[in-house]
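First comes the structure, then the notes that go with it.
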Amino acid sequence: MIAVALRSMGQRKLRTALTAIAIMLGVAMIAGTYVQTDQIRAAFDDILQTANAGVDANVAPRTEFTSQFVSMQTIDERTVVRAARVPGVDRAAGEVFAMGSLVVGGRTVQPQYAPAMVIGMVGEPFNPLKLVSGRLPSASGEMVVNRKLADDEHLTLGRRVGVTSRTGIHPVRLVGIVDFGNVASMGGATMIVAPKGDVQAWNRLEGKVTSIVASAAPGVTPEQLAGNLRRALPRSLEVKTGAQATADASKQINDSIGRFLKPMLLAFAGAALLVGAFIIFNTFSITVAQRRREFALLRSLGATRAQVLAAVTAEALVLGVAASVAGLLGGLGFSKALGGLFDAAGMGIPRGAMELAPRTILVALTVGIGVTAAAAIIPAVRATRVAPVAAMREEAAPEATAPSRRRRVAVALVGVLGVALLVQGLFGSGAASSRLAAMGAGSVLVFVLVAMTARNAVRPLAAVVGWPLERLGHATGELARENSTRNPARTAITAAALMVGIALVVFVAVLADGLKSSFTSAIDARASAELIVTSDNAMPISRAALPRLQALPEVGATAPQYLDQVKVNGGPVNGLTDQINGVEPLALRDVYRFRWIHGTDAELQRLGPGAAIVEEQFAKQHRISVGDRFRLTGPTGRDATLTAIAEYRDPQLLQGVMIDVRQFRGLSPVTDPMAYFVRLLDGRDVAAAKRHAVAALAPFPAAKVRTRAEYNHWLTSQLDQLVYLLYALLAMSVVISMFGIANSLFLSIHERTRELGMLRAVGATAAQVRRMIRYESVITALIGGMLGTVVGVMLAWLTTFAVKDLGVGFSLPLAQLATFLVLAVVVGAVGAIAPARRAARLNILDAIHSE
């Protein structure tokens, strides 16, 4: 029976190839995701190991946790001298790390997705820099930059540029171009290295360093050196070996990238595989129906039902293995394409050499072969039900039959389970990650449910979408509509493949539109400030900007917003809700409109020592009511016990918990605000005030002054960039569905060979046959597009309902939804090109005499 399966595949090469492509592309996405993340991990491991090769021990301030906000702690520089005297230390040096950007020709160079770093120069053996040209800085006012930054800005040695810092812009001269470790750029970050004294002065860090590095004396191991330093230095400092510090830094970087990147890419790979599963199921269903006489003949010759099942299953397994192996190799190409996509988006993530790790091979092959086998099992079982007597009949493949009782039970079970999982995701009390996983699984079952029941909607939908084609193509349009409804189950499964891709695209579009509308409406409703000052890359703005803004004659009030993360009552940090806002209460009252749940503006006057105002989601997450006491712990490990004196609602601008600036500084090492809200005096011209604010903040070019409308536009443009990246990844699912439509049409043409011959014999031209096949494909694609639009909108509505407490609204981008339906037409038309040509080229006499 294995030989029968292989011979069947060999006789139907085109069908086999088109089906294999569907599963191959999905496996390639999975393999490419793992290859890409492995490349990133290996790159950062290699970079940091090379850069820290001379470091045997690392000393840094002890932290309770790592905050997502920039919160650099410092060490007294006298501790460096103390560390150098510890037994076993050969050399010790203090490192200074700060944030700052290059200013070229009055323009600030800021990376979009990575930090802009300013580093104090350290000597050997700790220097991580590899000189590319020029020399290292040796005097005040000199600096070097990383090679990619120099190339991007066309910098030459000796050029005068500027460096931004907390105290303003500082003129410097470029004396060298360097690599960090062995790379020109680390994840798109810009790097400026200057004498340590300059970096300290620029950032008001005189007498302070941010870490200490040490090398071991001969005969002393790094572990011994670290132990000696631990015993000699204060417990407020954390001592690690150089290798341990390097591994921890690499893990932190990779975790921050992989926490978002890997789940997102694997989710899209799963969507592509789901589309491939529909195509495989449809292909095997059609071929089993077309090969009824073949299976009946095998049964009449003595083959058992088990042997027929084995033959079809073997065909699926061979197909799955071949496609998965091809997809595994294609994953290397997909990984390269992903790298190009990230580079085009400005991420610049470094990548090491490509490799197929054993884990990647195992996961990709298991998923690819498993999905193929699972999708083919029902058609394979159907093949065993063909009676031997069918070999004696001259009958065509049977048309669709009414759903059996077993099928109706299966549909009901899928529906109940899908709804149960969606309800768990919407109303469950578990962690957000588990609820989102439940919603994801429920969504998959919704796709399956729609595919199983869509046969009932094929005829009415085909009548709707086929009507314009009938008016346009007359007889060919009418034939195309009738052909698409001849076997509703087949049309439904073919359309379901496109439905998945369109539904996901619609889901992203609707959810993004809701996010944009909720953010912009929240800013308009809550912020009474006419001007908002932030940076473009979520970096703090010097607090020295505050008096400059307050001194402007048009300004009535200026409120800074300090931000950091916290632990609540000793629990793990929730990245969505657990943040503290350091505010000046009375200034905030003048620039912000509170939506109070419990309390009034009068509570702001009580916002002092021991008092906090909590946002609704923070209160719900930690079950805190007004009057309750709770404990906050900052990244440094310092904590404070506070009492909730009021509760407000604003999950967009001021989420978390609000405390006054003095308490904030007791919990957080953050010294600069993340934003300033500026309220103008009544009747003042906003455009003129903005110009004056921009001029006043000229020493701080990272500070971007925007009106409320401009700030809304900037936020939505940031979200649009992410949406476009998601569209690019979802395109794979749409491409796979195009192969599915083509495959179904090829099989349909084979099945209708005699019919097509008769059409040609009675006068239909080749062009009319091509048009009929193309119209049939477009009708099927539009059915998939319409179903996908409905499902995508429904899932987006459910998601926004689930997170309605976060202020996310529901909004329909009608223009985009119409565009996606046009995309469905394009997919249908492109998928029909090759099948239509084949149908038009059939030999009329041979076609009429075919069985």
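Conditions (1) open to solvent by 10 Å² or more (accessible area, probe 1.4 Å); (2) at pLDDT 90 or above; (3) touching a Lys or Arg at 6+ places or on another chain (Cβ under 8 Å); (4) more than 27 Å from VAL694 (Cα to Cα), marked per residue:
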position	(1), (2), (3), (4)
PHE69	yes, no, no, no
ASP90	yes, yes, no, yes
PHE97	yes, yes, no, yes
ARG135	yes, yes, no, yes
VAL145	no, yes, no, yes
GLY158	yes, yes, yes, yes
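Does at least one position in the range 541-554 carry a residue that is surrounded by fewer than 18 Cβ atoms within 10 Å (Cβ to Cβ), under 22 Å from GLN68 (Cβ atoms) and touching an Asp or Glu at 6+ places or on another chain (Cβ under 8 Å)? Talk me through it step by step, then tell me what you get.
Initially, the range 541-554 is screened for residues surrounded by fewer than 18 Cβ atoms within 10 Å (Cβ to Cβ), giving 543-544, 547, 550-551, 553.
Going one step further and asking which of them are under 22 Å from GLN68 (Cβ atoms), we end up with 543.
The next check asks that each one be touching an Asp or Glu at 6+ places or on another chain (Cβ under 8 Å); those that pass are 543.
There is at least one residue in the range 541-554 that is surrounded by fewer than 18 Cβ atoms within 10 Å (Cβ to Cβ), under 22 Å from GLN68 (Cβ atoms) and touching an Asp or Glu at 6+ places or on another chain (Cβ under 8 Å).
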I'd like to know if the range 474-488 contains one or more residues that are touching a residue at least 12 places away in the same chain (Cβ under 8 Å), over 16 Å from MET786 (Cα atoms) and not in a helix (DSSP H, G or I).
yes
All-but-one check, ASP590 against (1) acidic (Asp, Glu); (2) assigned to a helix (DSSP H, G or I); (3) in contact with a Phe, Trp or Tyr (Cβ under 8 Å, 6 or more places away or on another chain), failing number (3)
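Only residues that are surrounded by fewer than 17 Cβ atoms within 10 Å (Cβ to Cβ), farther than 16 Å from THR577 by Cβ and touching a residue at least 40 places away in the same chain (Cβ under 8 Å): list them for the range 621-638, please.
Step one: of the range 621-638, the residues surrounded by fewer than 17 Cβ atoms within 10 Å (Cβ to Cβ) are 623, 625-629, 631, 637-638.
From what's left, farther than 16 Å from THR577 by Cβ: 626-627, 629, 637-638.
GLY637, the sole residue that qualifies.
Residues checked against (1) buried (at least 19 other Cβ atoms within 10 Å of the Cβ); (2) of a type outside the set (Gly, Ala, Ser); (3) not in a helix (DSSP H, G or I):
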residue: PRO609; (1), (2), (3): no, yes, yes
residue: ALA619; (1), (2), (3): yes, no, no
residue: LEU642; (1), (2), (3): yes, yes, yes
residue: GLU647; (1), (2), (3): yes, yes, yes
residue: MET658; (1), (2), (3): yes, yes, yes
residue: PHE664; (1), (2), (3): yes, yes, no
residue: PRO673; (1), (2), (3): yes, yes, yes
residue: VAL678; (1), (2), (3): yes, yes, yes
residue: ARG684; (1), (2), (3): no, yes, yes
Restricting attention to the range 366-396, the residues that are open to solvent by 40 Å² or more (accessible area, probe 1.4 Å), at pLDDT below 80 and either not in a helix (DSSP H, G or I) or not hydrophobic (A, V, I, L, M, F, W, C) (or both) number exactly 8
Scanning the range 186-208 residue by residue, those surrounded by fewer than 22 Cβ atoms within 10 Å (Cβ to Cβ) and within 23 Å of SER256 (Cα to Cα) turn out to be GLY187, GLY188, ALA189
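Tell me yes or no: at least one residue of the range 760-779 is assigned to a helix (DSSP H, G or I), surrounded by 22 or more Cβ atoms within 10 Å (Cβ to Cβ) and under 30 Å from the mean Cα position of the chain (by Cα). Reasoning before the result, please.
Of the residues in the range 760-779, the ones assigned to a helix (DSSP H, G or I) are 760-761, 766-779.
Subsequent filtering for residues that are surrounded by 22 or more Cβ atoms within 10 Å (Cβ to Cβ) retains 769, 771-779.
Next, from what is left, pick out any that are under 30 Å from the mean Cα position of the chain (by Cα): none.
No, every residue in the range 760-779 fails to be assigned to a helix (DSSP H, G or I), surrounded by 22 or more Cβ atoms within 10 Å (Cβ to Cβ) and under 30 Å from the mean Cα position of the chain (by Cα).
Which residue is nearest to GLY634 (Cα to Cα), if the candidates are limited to the range 108-126 and must be of a type outside the set (A, V, I, L, M, F, W, C), open to solvent by 20 Å² or more (accessible area, probe 1.4 Å) and touching a residue at least 60 places away in the same chain (Cβ under 8 Å)? Step through it out loud before you land on a result.
Filtering the range 108-126 down to residues of a type outside the set (A, V, I, L, M, F, W, C) leaves 108, 110-113, 115, 120, 123-125.
In the following step, the residues that additionally are open to solvent by 20 Å² or more (accessible area, probe 1.4 Å) were identified as 108, 110, 112-113, 115, 123-125.
Then keep just the ones that are touching a residue at least 60 places away in the same chain (Cβ under 8 Å); that gives 108, 110, 112-113, 115, 124-125.
Values: THR108: 32, GLN110: 28, GLN112: 27, TYR113: 25, PRO115: 22, GLU124: 35, PRO125: 34 Å.
Top of the filtered list is PRO115.
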Condition set of a type in the set (S, T, N, Q) and in a helix (DSSP H, G or I), scope the range 297-346, selection modelled with the highest pLDDT: answer is SER324
Condition met for THR799 (open to solvent by 20 Å² or more (accessible area, probe 1.4 Å), at pLDDT 85 or above, among the β-branched types (Val, Ile, Thr) and part of a helix (DSSP H, G or I)): no
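Having 3 or more residues that are more than 30 Å from GLU315 (Cα to Cα) and among the aliphatic types (A, V, I, L, M) is the bar; report the strands (runs of 3 or more DSSP E) wholly within the range 187-293 that clear it.
Values: elements: 190-194, 211-216, 237-241.
Ranges flagged: 190-194, 211-216.
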Original post:
Do we find a residue being touching a Lys or Arg at 6+ places or on another chain (Cβ under 8 Å), hydrophobic (A, V, I, L, M, F, W, C), open to solvent by less than 20 Å² (accessible area, probe 1.4 Å) and assigned to a strand (DSSP E or B) anywhere in the range 162-174?
Top reply: yes
How many residues of the range 538-555 are in contact with a helix residue (DSSP H, G or I) (Cβ under 7 Å, 6 or more places away or on another chain) and not aliphatic (A, V, I, L, M)? The answer is 2
Counting only residues in the range 591-605 that are surrounded by 15 or more Cβ atoms within 10 Å (Cβ to Cβ) and of a type in the set (A, V, I, L, M), the one nearest to ASP660 (Cα to Cα) is identified as LEU604
Per the list (1) touching a residue at least 24 places away in the same chain (Cβ under 8 Å); (2) touching a strand residue (DSSP E or B) at 6+ places or on another chain (Cβ under 7 Å); (3) part of a loop (DSSP other than H, G, I, E, B); (4) open to solvent by less than 20 Å² (accessible area, probe 1.4 Å), residue check on PRO699 breaks on (4)
Only one of (1) buried (at least 23 other Cβ atoms within 10 Å of the Cβ); (2) closer than 29 Å to VAL826 by Cα does not apply to ARG752, and that is (1)
Exercise for the section: Tell me, please, whether a residue that is under 20 Å from PRO488 (Cα atoms) and at pLDDT below 75 can be found in the range 406-422. Expected result: yes
Looking at the range 805-823, is at least one residue β-branched (Val, Ile, Thr) and within 30 Å of THR577 (Cα to Cα)?
yes
Only one of (1) surrounded by fewer than 19 Cβ atoms within 10 Å (Cβ to Cβ); (2) outside any helix (DSSP H, G or I); (3) modelled with pLDDT of 90 or more does not apply to GLY575, and that is (3)
Within the range 24-52, restricting to residues that are over 10 Å from GLY181 (Cβ atoms) and acidic (Asp, Glu), the one that is surrounded by the fewest Cβ atoms within 10 Å (Cβ to Cβ) is ASP45
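The values are calculated or read from the model by the stated rules, or taken from the named source; none is laboratory data. Since the model is a prediction, treat every value here as computed from it, not as a measurement. Neighbour counts are summed over all protein chains in view; Cβ atoms, including those assigned to glycine, are modelled from backbone coordinates with ideal geometry. When the accessible area is computed, the model is the full protein with side chains, heavy atoms only, and any ligands, DNA or RNA have been set aside. Shrake-Rupley method; radii C 1.70, N 1.55, O 1.52, S 1.80 Å.
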